[in-house]
Amino acid sequence: MCNMGCQHLEELYELWLLGALSERGSLDLREHMARGCPHCLAGIREATETVYLLGLASKPARPHPRVKSELLRQISRKAPPHR
Ligand SMILES: [Zn+2]
């Protein structure tokens with residue numbers, strides 16, 4: 001039922017697991033999962049494995065390029081250059 005509305009959450013799983021998601025974003029994700037969306041629960045499980053494997057594969061934490069660019073985007077959004 002909620003499967004149509006959570007496509008945009010898929011890219012948040014890894015960020016959330018890495019603790020890189022904004023408070024607002026992680027709240028959205030947690031509320032959504034609290035409704036028991038099987039799609040997201042399965043996605044989180046996969047993302048957990050991905051994050052775990054990434055951690056094993058590269059000793060110095062090196063996020064996936066996509067995750068990294070998302071991180072950089074979030075950081076630059078939080079800290080505007082002029083201020
Ligand atoms: Zn969902």
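Any read-out appearing in this document is the output of simple, stated calculations on the displayed coordinates, not a laboratory observation. It should be emphasised that the depicted structure is a prediction, and the values quoted were computed from it without experimental measurement. Backbone-built Cβ (ideal geometry, glycine too); neighbour counts: all protein chains shown.
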Sum up the charges of everything whose Cβ sits under 10 Å from the Cβ of residue 13, counting Lys and Arg as +1 and Asp and Glu as -1, but leave residue 13 out. -3
Sort 65-72, 37-44 for me by packing, meaning the mean count of neighbouring Cβ atoms within 10 Å per residue, highest on top. 37-44, 65-72
Tell me the net charge near residue 45. Cut-off is 14 Å between Cβ atoms, residue 45 excluded, with +1 for each Lys or Arg and -1 for each Asp or Glu. -4
Gain in span if fully extended, residue 50 to residue 34, counting 0.36 nm per residue against the direct Cα distance: 3.6 nm
